[in-house]
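The values are calculated or read from the model by the stated rules, or taken from the named source; none is laboratory data. Keep in mind the model is a prediction, meaning the values are calculated, not measured. Note: ideal-geometry Cβ built from the backbone for every residue, glycine included; neighbour counts use all protein chains shown.
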Amino acid sequence: MARSPVRNNKPGLVVLDGSATPRTPGAVWLVGAGPGDPELLTIKAVKALAAAQVVVHDGLVSEEILDLSPPYARRIDVAKRKSRHTLPQDDINQLIVALALEGLNVVRLKGGDPFLFGRGGEELAACRAAGVDCHVVPGVTAALAASAGAGAPLTHRGSAQAVTFVTGHAAHGEPDLDWASLARPNQTVVVYMGVSTAGLIAERLTAAGRATSTPALIVENASRADERRVLTTLAGLAQAAQGLTGPALLMVGESMAMAQQAPVDVSGAANWVPAVAGMSGNFE
């Protein structure tokens, strides 16, 4: 069996302990770990993890999910956090390719879905360029879990004929989005990685014509035990996003008014933040 990969002393680089003997290439599986609840994993994802020799995973993937891989499987954390990357994306691409070329079965375990703001397309392209077999296992993206948990459908007859997924994060400056299209009524706009730019997003949507009274829902840690929901309006979006530290989604649209109070957790405290900007928190 090929030896396990080891890190070089130089930060950001990963080298292998292999010999020059040609090996039959392994394969890479880009697996969606879902939003956090292990019960939302697909059967195919569980099977891929069970066959993994190496798991290259995001930082938000729980230990409970990681433990579905065999005890002998090597785990490599390539977590991305704001202002801190364990490995740049190009290095991650090279890493999974190198591991597969060593003959290993590699699971690249990604939060949510690999192809929805998950850089899965870049990793797939790197594998194809190197001649490495790459398989994609879709996952439940956070927006679907947040919507289902809150009882606020992303599309709903009469109030949401379309849904658009965008990112609120930009490498430099503000997100380059079609604000005029996003401001049209009767549609849901889901913003990933938008907590830090919530004020800007609300400002741009309002300036483009979206009503300030449009319901908005923020869901932090969707599907996890510590999930929190904040129901507000577009006018109160910036204020509502203050103080949130976990991964969160912003969802703006008329159907968000259907959001229900979160179930009470074992400590007896409901994971529900009182509404702001004049909206009631009880929509049952």
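Structure above, values below:
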quantity	calculated
Flag for residue 212 being part of a loop (DSSP other than H, G, I, E, B) and farther than 30 Å from residue 43 by Cα	yes
Failed condition for residue 105, given (1) over 23 Å from residue 50 (Cβ atoms); (2) surrounded by fewer than 21 Cβ atoms within 10 Å (Cβ to Cβ)	(1)
Test: residue in segment 9-18 that is in a loop (DSSP other than H, G, I, E, B), touching a Lys or Arg at 6+ places or on another chain (Cβ under 9 Å) and at pLDDT 90 or above	no
Positions within segment 128-162 being touching a Pro at 6+ places or on another chain (Cβ under 9 Å) and surrounded by fewer than 18 Cβ atoms within 10 Å (Cβ to Cβ), in sequence order	130, 131, 133
Lone qualifier among 270, 277, 257 - being modelled with pLDDT under 85, of a type in the set (Gly, Ala, Ser) and more than 24 Å from residue 196 (Cβ to Cβ)	270
Filtered residue count, segment 192-228, keeping only those that are of a type in the set (A, V, I, L, M), at positive phi and touching a helix residue (DSSP H, G or I) at 6+ places or on another chain (Cβ under 7 Å)	0
Some residue of segment 81-91 being at positive phi, outside the structural domain of residue 166 (by TED's automatic domain parsing) and not β-branched (Val, Ile, Thr)	yes
Sole exception among (1) out of contact with any Cys (no Cβ under 8 Å at 6 or more places or on another chain); (2) surrounded by 20 or more Cβ atoms within 10 Å (Cβ to Cβ); (3) assigned to a helix (DSSP H, G or I) for residue 125, by number	(2)
Number of the exception - residue 197 against (1) under 18 Å from the mean Cα position of the chain (by Cα); (2) at pLDDT below 95; (3) not in a helix (DSSP H, G or I)	(3)
Residue check for residue 144: at pLDDT 95 or above and of a type in the set (A, V, I, L, M, F, W, C)	yes
Considering residues of segment 171-207 that are of a type in the set (A, V, I, L, M, F, W, C) and closer than 23 Å to residue 114 by Cβ only, the residue surrounded by the fewest Cβ atoms within 10 Å (Cβ to Cβ)	171
Breaking point among (1) buried (at least 24 other Cβ atoms within 10 Å of the Cβ); (2) of a type in the set (A, V, I, L, M, F, W, C); (3) in a loop (DSSP other than H, G, I, E, B), for residue 225	(1)
Any hit, segment 94-101, residues being in a loop (DSSP other than H, G, I, E, B) and either at pLDDT 95 or above or surrounded by fewer than 22 Cβ atoms within 10 Å (Cβ to Cβ) (or both)	no
